[in-house]
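Novice: Sharing a structure, written as structure tokens. Questions coming.
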Amino acid sequence: MRFKLNFAFFALAALSLSAATIQESKPESVGLSGERLQRIRETIQRHMDARQIAGAVTLVARKGHIAHLEAQGMMDLDSKKPMAKDSIFRIYSMSKPIAGVAILMLMEEGKLRLNDPVSKFIPEFKGMKVAVIQERPADSATLQFYTVPATREITIQDLLTHVSGLASGGAASAAELSKVARKPGETLADYIPRLGTTPLDFQPASRWRYSPGAGFDTLGRVVEVVSGKKFDEFLRQRIFDPLGMKDTFFHPGEDRLPRVPTAYHRAGDALTKVENQNRMVSTTYFSGAGGLMASTEDYAQFGEMLLEGGQLNGKRLLSPKTVELMSSVFVPDTLPGRAPGRGFGLSVQVVTDPVTSGYRVSTGSFGWDGAFGTHFWVDPKEKIVGILMIQTDNPNRQLDRDFENAVMQSIVE
């Protein structure tokens, strides 16, 4: 009996260790100044005082240890409920790098290639057309366009790097998208094939233009087709569970709803509640473009996995060479649509020139943002993962730069 009890104890201990979170350490033990890290608090407070945000959770990890984790401000301004470190945020487009990792895992397994046409997995994407906008008569408000054949099919890589032209904010694609709009209760399998009937906004790879929803939702469907699993199931089994990301999901249970901050819209110096608080939350449509919710520490697990070359706590998701590929510059800042000093990799932005870009991070840092002000980056040179979580629509992105500055100035060795 004693042997059985001891065996059970050690088995449980091993299971707990395998899903252990990144440990907290004193800043000085990882080359950061605890005193200087206080400037993060001051930075967040300035933006709260300016009524740009209601509250925030900030996290800084270095060399595999959390040196800073702090909650400030309010989850809800009306009730004055304080922000908590374990608050669960709508991360919107910070879902995209997670979807990107899912695709790269399947690439490593030889189940898809970056240069595979999307139509290999979703036949409706075969033979897509490109919209050419016509000049409107002065007395007409109707959009007029015609289509021409795409010079080539769009690929998995095109979707990962936002050079596909699929629903990338053009007037023609926007007009056609409204005709194939997603209906309540539909799944990726129901909706994504209809995107193949919409015109591309430009010839593939001719420019960079962000595809806020369609591109990465399509990648989510590709994951389903290739793996034979629902997208949420794949992410849970292959990414979230191995990394111990217990508070990351597409829809929160009733027990977690109290941990979700109120979302606000910023207009001038005023914050007003967003009408549809959880517009991306669904129990049937799992959006790889923006549907996930996560706690700050959960996302830190994901960021640290990337920093450590695709593994964390003995659980390997990707090879170091694949993480290196993910954070390589596939789209240089010379391609039309990209900003100076900022290239784009496979689902992440890559800072190629901090001076030109105005980003206070090291060359080669990579990451992405979310529509309601969430922000993360991985700095391989300084071994840093930085995460900023807020819930403000129309965010002041200067807060991202201020947060990066507060983190980088805390490095003392």
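The values are calculated or read from the model by the stated rules, or taken from the named source; none is laboratory data. Since the structure is predicted, the reported quantities are computational estimates derived from the model, not experimental observations. Using ideal geometry, Cβ is built from the backbone for each residue, glycine included, and neighbour counts are taken over all protein chains shown. Note: areas computed on protein heavy atoms with side chains; ligands, DNA, RNA excluded. Shrake-Rupley method; radii C 1.70, N 1.55, O 1.52, S 1.80 Å.
Novice: Using only alpha carbon positions, build the gyration tensor of region 225-369, then give the equivalent ellipsoid semi-axes as the square roots of 5 times its eigenvalues, largest first, whole angstrom. List each step's numbers first, then the result.
Specialist: On the way: eigenvalues 155, 116, 44 Å².
Equivalent ellipsoid semi-axes, largest first: 28, 24, 15 Å.
Novice: Taking the solvent-accessible surface of protein heavy atoms with a 1.4 Å probe, what is the per residue accessible area of region 68-211 in Å²?
Specialist: Per-residue value: 43 Å².
Novice: Leaving out ligands and nucleic acids, and using a 1.4 Å probe, what accessible area per residue does region 250-328 come to in Å²?
Specialist: 41 Å²
Novice: Starting from the alpha-carbon convex hull of the chain, give the projected area averaged over all orientations, in nm².
Specialist: Averaged projected area of the chain's Cα convex hull equals 23.4 nm².
Novice: Here's a follow-up. Hey, could you pull the Cα Rg and Dmax for region 89-182, both in Å?
Specialist: Cα only, region 89-182: 16.5, 56 Å (Rg, Dmax).
Novice: Same structure, new question: What FRET efficiency comes out for residue 129 versus residue 38 if R0 is 60 angstrom and r is the Cβ-Cβ distance? Round to the nearest 0.05.
Specialist: 0.60
Novice: Calculated from DSSP H runs of 4 or more alone, at -39500 (n - 2.57) each and per residue, what is the 222 nm mean residue ellipticity of the chain, nearest 500?
Specialist: Numbers: 12 runs with 120 residues, N = 413.
Helix contribution divided over all residues of the chain: -8500 deg cm²/dmol.
Novice: Now for a separate question. At q = 0.14, 0.15 Å⁻¹, what log₁₀ I(q)/I(0) does region 69-139 have when each alpha carbon counts as one equal point scatterer in the Debye sum?
Specialist: -0.76, -0.77
Novice: So if I place +1 on the C-beta of Lys and Arg and -1 on the C-beta of Asp and Glu, and nothing else carries charge, what would the dipole magnitude of the chain be about its Cα centre? I want it in debye, nearest 20.
Specialist: Once rounded to the nearest 20, the dipole reads 520 debye.
Novice: From the cross-link list 63/321; 26/81; 111/183; 26/383, which pairs have alpha carbons spaced over 23 Å apart?
Specialist: 26/81; 111/183
Novice: What is the log10 of I(q)/I(0) for region 19-147, computed with the Debye formula using one identical point scatterer on each Cα and no solvent, at q = 0.15 Å⁻¹?
Specialist: Evaluating at q = 0.15 Å⁻¹ gives log10 I(q)/I(0) of -0.90.
Novice: Along the charge dipole of the chain, which of 77, 392, 231 sits closest to the positive end, that is, farthest toward it, with unit charges on the beta carbon of Lys, Arg, Asp and Glu (+1, +1, -1, -1)?
Specialist: 231
Novice: Moving on to the next point. Viscosity 0.890 mPa s, temperature 25 °C: Stokes-Einstein D of region 47-100 from its Kirkwood Cα radius, in µm² per second?
Specialist: Estimated via Stokes-Einstein, D reaches 190 µm²/s.
Novice: Using the per-residue mean of other Cβ atoms lying within 10 Å as a proxy for protection, in what order, highest first, do the peptides 101-109, 38-46, 299-307, 144-152 fall?
Specialist: Output ranking for 101-109, 38-46, 299-307, 144-152: 299-307, 101-109, 38-46, 144-152.
Novice: On to the next question. Would you mind checking region 365-399 for residues with the amide N under 18 Å from a putative spin-label position 7 Å along Cα→C-beta of residue 275?
Specialist: 393-394
Novice: Percent of accessible area on the chain owned by carbon and sulfur, 1.4 Å probe?
Specialist: 53 percent
Novice: What base-10 log of the normalised intensity I(q)/I(0) is obtained for region 329-392 from the Debye formula, alpha carbons as equal point scatterers, at q = 0.26, 0.27 Å⁻¹?
Specialist: -1.14, -1.18
Novice: Could I have the simple spin-label model distance between residue 255 and residue 143, label points 7 Å from Cα toward Cβ, reported in nm to one decimal?
Specialist: 4.6 nm
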